[in-house]
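Before any comments, here is the structure.
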Amino acid sequence: MIADLYERWLLEMWNGDFKLAHDLVTPDFVGHWPGMDVHGPDGLAEALQQGHEPFDDVTVTLDVGPIVNGDRVAARWTFGGAYRGGVPGASAAEGTRVAFSGHDILRTAGGRFAEYWVISDVQAFNRQLGIG
């Protein structure tokens, strides 16, 4: 069940069905990104939408997992898309294909995700966009 929940999380919600946040996470959900926390389903949906805005043709794929252990699940994924502009400091031309990978760990409660930790390859992302 947790593996199915994660696949909906990654393959449906992260691929653009942001409203699924209301079905997949608890009202008191907390998502921990490096440098920021996101609260509740609305905060999650907004963060996802903002993350997708600079890209067209976004595809998020599942590379490894999900691996379930009790109330936790972990997986490795890849985000890919065509840059359309808007990332501060980026020098990449519009249309540049970008792909980077990351890892998720989520904690479930009551059949939904209650907490989320993510780490991604920001260096590869920045390098592809010409940042820094």
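When restricted to residues that are surrounded by 13 or more Cβ atoms within 10 Å (Cβ to Cβ), closer than 20 Å to Phe18 by Cα and free of Cβ contacts under 8 Å to residues at least 12 places away in the same chain, segment 49-93 contains 1.
Please pick out the residue among Val73, Val58 that is more than 19 Å from Gly31 (Cα to Cα) and of a type in the set (Val, Ile, Thr). First the steps, then the outcome.
Details: Val73 fails: more than 19 Å from Gly31 (Cα to Cα).
Selected residue: Val58, the only one of Val73, Val58 that is more than 19 Å from Gly31 (Cα to Cα) and of a type in the set (Val, Ile, Thr).
Consider segment 94-115 and keep the residues that are in contact (Cβ under 8 Å) with a residue 60 or more places away in the chain and assigned to a strand (DSSP E or B). The one that is surrounded by the fewest Cβ atoms within 10 Å (Cβ to Cβ) is Ala109.
Of all residues in segment 1-54, those satisfying the criterion of being in contact with a Ser or Thr (Cβ under 9 Å, 6 or more places away or on another chain) and either charged (D, E, K, R) or farther than 19 Å from Ala114 by Cβ (or both) are Leu11, Asn15, Pro34. Of the residues making up segment 1-23, those that are part of a helix (DSSP H, G or I) and in contact with a strand residue (DSSP E or B) (Cβ under 6 Å, 6 or more places away or on another chain) number 4.
Scanning segment 116-132 for residues that are aliphatic (A, V, I, L, M) and in a helix (DSSP H, G or I), which turns out modelled with the lowest pLDDT? The extreme case among them is Val122.
Just to be sure, is Met13 among the aliphatic types (A, V, I, L, M), under 24 Å from Asp121 (Cβ atoms) and touching a helix residue (DSSP H, G or I) at 6+ places or on another chain (Cβ under 6 Å)? Answer is yes for this residue. Here Phe100, Phe79, Phe113 are screened, and the one residue that is more than 13 Å from the chain's Cα centre (by Cα), under 22 Å from Leu10 (Cα atoms) and among the aromatic types (Phe, Trp, Tyr) is Phe113.
The values are calculated or read from the model by the stated rules, or taken from the named source; none is laboratory data. These numbers come from a predicted model, not from an experiment. Glycine also receives a Cβ, built like all others from the backbone with ideal geometry; neighbour counts cover every protein chain displayed.
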